[in-house]
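Notes follow once the structure below has been shown.
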Amino acid sequence: GYGQGRNNRGQQLTAETGFINNLTNKYKAHDVVGIDMSNSGRLDQLIRAGNLYLSLNDAIALALENNVGLQIQRYQFDLTEQAYRSSLSGTGGAFDPTFTVNQFNYNKSQQPVTNQVGAGTAPTTITDTFTRNFGLQQTFKTGANATFGFNTSRSTTNNTNTNFIPNLSGNLNLNITQPLLRGFGTGLNTISIRVADNNRRNADNGFRVQINTIVNQVVQAYWNLVSASLNVGVARQSLELSQRLLDQNKKQVEIGTMAPIDIKQTEVQVANGEQALIAADATVQTQEVALKNLISRNGIGSATLASVRIIPTNRVEVPAVEQVQPIQDLID
């Protein structure tokens, strides 16, 4: 639902319009938008007074918006789509029609006439010859091949004794071959098209898998941070109880109802509580760094996120009465 603010998975390949451009766009390179290494604006909106107030939905949205690997995966749609389009032309462009101009020739010759009585009145014989040979070749997915040729020649001369002025000649030929054994059928000739189409599907599946992986990582990192934050609260409460007990024992020592040696055990308990609180806070900071790396492009390398503390707004909710479900339903 977030998808980095785009309504499609692939990059947009824009091209110029017009009759000439429509013919040539397929053979032009297209500009593809590069990867933006800046974080989305959503991140700055959630930072207030040096704290990042983050809900689970916002964490998922930021991860999808700012994940570089996911944006790189989008280019696979372009690569596989272009490979599929290329496969439609067949191996080596076999399915593309080929138009050839084998000969497009104009020839003019002049020759002096030694006997004007036999050759006509002109002292020089001038001959103009125009030759045109065209061809069209097409291969089909069944393995059939069709070749069409058009050859024409037109010759004119000022020699009045020539029988035909102008002298025209031309021929058409059409050759169609269809293999009946080797190379027959669409299954053999379209294998590259099917492979390219499967690669397009694989790119889509890979995109979905990567999204699911990112969401799963963010959810786990978020609840790990929530759990670590709760542990800090527990460690702080335990330390407060130990400190309160130590204060009470000191008063008892002062009034003589407790031996001074007995207070040492309480002091050890307070020291252990302080150590547990420091370890719990270190765990919170470690989980914050892991979550920052998931929701931003450069993690703690960003000056904005380096000193920001994450305040998770979602909490673990334990129902007052847990619904008991049959074992078979839980297995399903």
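With θ taken as phi - 60° and the coefficients 6.51, -1.76 and 1.60, list the Karplus ³J(HN,Hα) couplings across segment 98-110 in order, rounded to whole Hz; mark glycine and proline as x.
Result, rounded to whole Hz: 10, 10, 10, 10, 6, 8, 9, 10, 10, 10, 10, 10, 10.
Under a 5 Å amide H to amide H cut-off, with H placed in plane at 1.01 Å, what residues pair with T125 once short-range neighbours are removed?
Distant-sequence amide H within range of T125: Q111, V113.
In straight Cα distance, which aspartates and glutamates are under 16 Å from K264, not counting same-chain residues fewer than 8 positions off?
Partners within reach: D247, E254, E274.
Of (1) 60, 58, 36; (2) 92, 64, 32; (3) 158, 51, 30, which is the value of Cα extents along the principal axes in Å derived from the coordinates here?
After the calculation, the listed value that fits is (3).
Could you give me the ³J(HN,Hα) list for segment 317-332, computed from phi with Karplus coefficients 6.51, -1.76, 1.60 and θ = phi - 60°, whole Hz, x at Gly and Pro?
After applying 6.51 cos²θ - 1.76 cosθ + 1.60, I find 10, 9, x, 4, 10, 7, 6, 8, 10, x, 4, 5, 5, 5, 5, 4 Hz.
Among the complete DSSP H segments of the chain, which ones combine at least 18 Å of alpha-carbon extent along their axis with a mean Kyte-Doolittle hydropathy of 0.0 or more?
Working: long enough: 68-87 (29 Å, -0.72); 191-255 (95 Å, -0.32); 263-295 (48 Å, 0.11).
Membrane-span-like by this rule: 263-295.
How big is the accessible area of L54 in square angstrom, nearest 10, if you roll a 1.4 angstrom probe over the protein chains?
0 Å²
Check cross-link reach from K26 to the lysines: straight Cα distance under 28 Å, and skip same-chain residues fewer than eight apart.
K141
Tell me, what HN-Hα J-couplings in whole Hz come from the Karplus equation 6.51 cos²θ - 1.76 cosθ + 1.60 at θ = phi - 60° for each residue of segment 127-135, using x for Gly and Pro?
With the stated coefficients, segment 127-135 comes to 10, 10, 10, 10, 10, 9, 10, 10, x Hz.
Please compute the contact order of the chain in relative form: average sequence separation of alpha-carbon pairs under 8 Å and at least six residues apart, divided by the residue count, as a percent.
Relative contact order for the chain comes out at 19 percent.
Within straight cross-link reach of K250, meaning Cα distance under 13 Å, which aspartates and glutamates are found once same-chain residues fewer than 8 apart are removed?
Within the straight-line limit of under 13 Å, K250 reaches these aspartates and glutamates: D262, E267.
So what's the net charge close to I193: Lys and Arg +1, Asp and Glu -1, counting the other residues with Cβ under 14 Å from its Cβ?
Overall, the nearby charge balance is +2.
Taking amide hydrogens as modeled 1.01 Å from N in the peptide plane, which residues meet the under 5 Å criterion relative to I310, leaving out close sequence neighbours?
Placed amide hydrogens put L52 under 5 Å from I310.
Among F140, V209, P166, pick out the residue whose Cα is farthest towards the positive end of the charge dipole of segment 138-221, where Lys and Arg carry +1 and Asp and Glu carry -1 on C-beta, about the Cα centre.
V209
If amide H atoms are built 1.01 Å from N in the plane of the peptide, which residues on other chains or at least 5 residues away come under 5 Å of the amide H of N167?
S155, T156
The values are calculated or read from the model by the stated rules, or taken from the named source; none is laboratory data. If you're wondering where the values come from, they're calculated on a predicted model, not measured in any experiment. Counting neighbours? That spans all protein chains shown, and the Cβs are built from the backbone with ideal geometry, glycine included. Accessible surface areas use protein heavy atoms only, side chains included; no ligands, DNA or RNA. Shrake-Rupley method; radii C 1.70, N 1.55, O 1.52, S 1.80 Å.
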